[in-house]
Amino acid sequence: MGAYTAEFIGTMIIILFGAGINSGLTLNKTLNQGANWVIVTFGWGFAVMLGVYASAPISGGHLNPALTIAFAIQGTFPWADVLPYIICQTAGAFVGATIVAAHYYIHFKATPKDINTRGIFATGPAIDNPPFNLLSEIIATFAFTFALLLMGINNFADGLNPLIIGFLIVVIGMAFGPTTGYAINPARDLGPRLAYFILPIPNKSGANWNYAWIPIVGPIIGAVLAIGVHTIL
């Protein structure tokens, strides 16, 4: 249960800081309003770093169903723990999003409905084209997972590995993020999207469930492909 709790808390930390940064940049009358992709990428990178630091010594710090599934296929993680990990990761992301929604509640009220507040919690395409949106998520997650494998980072808790993972998230976001918001993590998208859909957030729009399968399927394909290519090489 300690490992499951660690995955819950670690993923909650990612969304707590990541969606918090998105909120500050998106919502009206915050002190730092104004989109800035550099802040977004570094913010999410450090959010992942903190989540990994908090969880990796206990659970391995996957915090990502795509990695959990890929490591199980690789044979380095037990299949019996895959579903519990995914449930805890998604639940942690949901709770993190809930806390952010409560913290910024009055700013949601001050933000008109025509502002894309869904993007604070869930990813979406810059150009709506499902095949290419899916390809973007596959490529981004493949690059992330393959880089981890090439660097030999198989224990996320060792030394400066959490910091390296954080900076890897930054560069992935800068290189591949502007097309779809680089979910590269099904729990990171599904948990907050579900929170946005359920919670009484003022002036919200739809959760765009028609798109929601892409940040779930794409990262899983990308991570599994990375494991396969690395194994072949």
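Once the other residues with Cβ under 11 Å from the Cβ of Thr123 are scored (Lys, Arg +1; Asp, Glu -1), what is the net sum?
Here the count lands on +1.
To the nearest 20 debye, what charge dipole does region 2-232 have about its Cα centre, counting +1 at the Cβ of each Lys and Arg and -1 at the Cβ of each Asp and Glu? The partial results should precede the final answer.
On the way: 7 positive and 7 negative charges, 121 e Å.
Value, rounded to 20: 580 debye.
Calculate how steeply helix 37-59 sits against the longest principal axis of the alpha-carbon atoms of the chain, using the helix alpha-carbon long axis, and give the answer as 0 to 90 degrees to the nearest 10.
Long axis of 37-59 versus the principal axis of the chain: about 50 degrees.
Taking θ = phi - 60°, what integer Hz values does the Karplus form 6.51 cos²θ - 1.76 cosθ + 1.60 yield along region 179-194, in sequence order, with x for Gly and Pro?
Each residue of region 179-194 in turn: 7, 10, x, 6, 4, 6, 6, x, 5, 4, 9, 5, x, x, 4, 5 Hz.
Tell me, Arg188, Arg118, Arg193 in order of fewest to most beta-carbon neighbours within 10 Å?
In increasing order of surrounding Cβ atoms, one gets Arg118, Arg193, Arg188.
Rounded to the nearest 500, what is the chain's calculated 222 nm mean residue ellipticity when only DSSP H runs of at least 4 contribute -39500 (n - 2.57) each, over all residues?
Here the helix-only value at 222 nm equals -23000 deg cm²/dmol.
Which order do Lys29, Lys109, Lys204 fall in if you start with the one that has the fewest other Cβ atoms within 10 Å?
Listing Lys29, Lys109, Lys204 from fewest to most nearby Cβ atoms yields Lys29, Lys109, Lys204.
For the chain, what's the relative contact order in percent, using C-alpha pairs closer than 8 Å and at least 6 residues apart?
Dividing the mean separation by the residue count of the chain yields 31 percent.
Which of Leu160, Leu194, Leu31, Leu135 has the fewest other C-beta atoms within 10 Å, and how do the rest follow up to the most? The partial results should precede the final answer.
Working: Leu160 10, Leu194 21, Leu31 5, Leu135 17.
Going from least to most buried by this count: Leu31, Leu160, Leu135, Leu194.
Taking +1 at the Cβ of each Lys and Arg and -1 at the Cβ of each Asp and Glu, which of Asn129, Ser59, Thr231 sits farthest along the dipole of region 2-232 towards its positive end, judged by Cα position relative to the Cα centre?
Farthest along the dipole direction, towards plus: Asn129.
For the chain, with a Gaussian network of springs between Cα atoms less than 10 Å apart, report the residue from Pro215, Pro131, Pro57 with the top mean-square fluctuation.
Maximum fluctuation in the GNM of the chain, among the listed residues, is at Pro131.
Each value in this text was obtained by applying a stated rule to the coordinates, not by laboratory testing. Note that the structure is predicted; figures quoted are calculated from it, not measured. Don't worry about glycine lacking a Cβ; one is built from the backbone with ideal geometry, like all the others, and counts go over all protein chains shown.
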